[in-house]
Amino acid sequence: MGSADVVQRYFVAMTAHDWEALRACLADDFSRDGPYPEHTWRSADEYVAFVSGLLPGLKGQRVEVTRVTGAGGVVHAELTETVELEGRQSTVRISNAFEIGADGRIQHVEVFLRRPPPAA
């Protein structure tokens with residue numbers, strides 16, 4: 001199994017709201033940064049608690065993973081996420097940089113996003 005496999009399992013678990021499977025993808029010393037300053041976690045359990053509280057409440061949320069590539073212990077993933085905000089669809093492009101630990105689980109992820117330009 002390659003490093004990209006755990007990232008694929010991470011997104012499958014997140015999309016399925018399978019929090020136990022999501023936690024199994026994360027190293028015990030997991031950390032996450034971004035895309036916003038307040039989106040910083042230094043605990044796998046706290047991160048899973050956050051997403052398990054957030055994602056089920058997002059109306060119309062869809063995630064399409066468009067690319068996962070890896071070399072060694074670094075994996076890059078690109079995706080498009082759409083949610084309904086104030087009655088309108090909002091879409092962002094997201095890029096994730098994953099570091100995979102020696103145990104094959106995700107040790108760190110940094111998240112970047114790009115919002116489309118506002119409608120004229």
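See the values below:
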{"quantity": "Relative contact order computed over the chain (Cα-Cα under 8 Å; 6+ residues apart), in percent", "calculated": "26 percent"}
{"quantity": "Among L26, V51, A13 - extreme Cα towards positive end, dipole of segment 1-91, charges at beta-carbon", "calculated": "A13"}
{"quantity": "Folded to 0 to 90 degrees: helix 44-54 orientation relative to the chain principal axis, Cα", "calculated": "20 degrees"}
{"quantity": "Mean ellipticity per residue at 222 nm, deg cm²/dmol - from DSSP H runs of n ≥ 4 across the chain, formula -39500 (n - 2.57)", "calculated": "-7500 deg cm²/dmol"}
{"quantity": "Segment 66-120 - percent of accessible surface contributed by carbon and sulfur, probe 1.4 Å", "calculated": "51 percent"}
{"quantity": "Residue-normalised accessible area of segment 1-103, given per residue in Å² at a 1.4 Å probe", "calculated": "57 Å²"}
{"quantity": "Chain lengthening between R88 and R67 when straightened (0.36 nm per residue, less Cα-Cα)", "calculated": "4.9 nm"}
{"quantity": "Estimated Rh, the chain: Kirkwood, alpha-carbon pairs, angstrom", "calculated": "14.8 Å"}
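The values are calculated or read from the model by the stated rules, or taken from the named source; none is laboratory data. If you're wondering where the values come from, they're calculated on a predicted model, not measured in any experiment. In this analysis, Cβ positions are derived from the backbone assuming ideal geometry, glycine residues included, and neighbour counts consider all displayed protein chains. The protein model used for the area step is the full one, side chains on, heavy atoms only, and it has no ligands, DNA or RNA in it. Shrake-Rupley method; radii C 1.70, N 1.55, O 1.52, S 1.80 Å.
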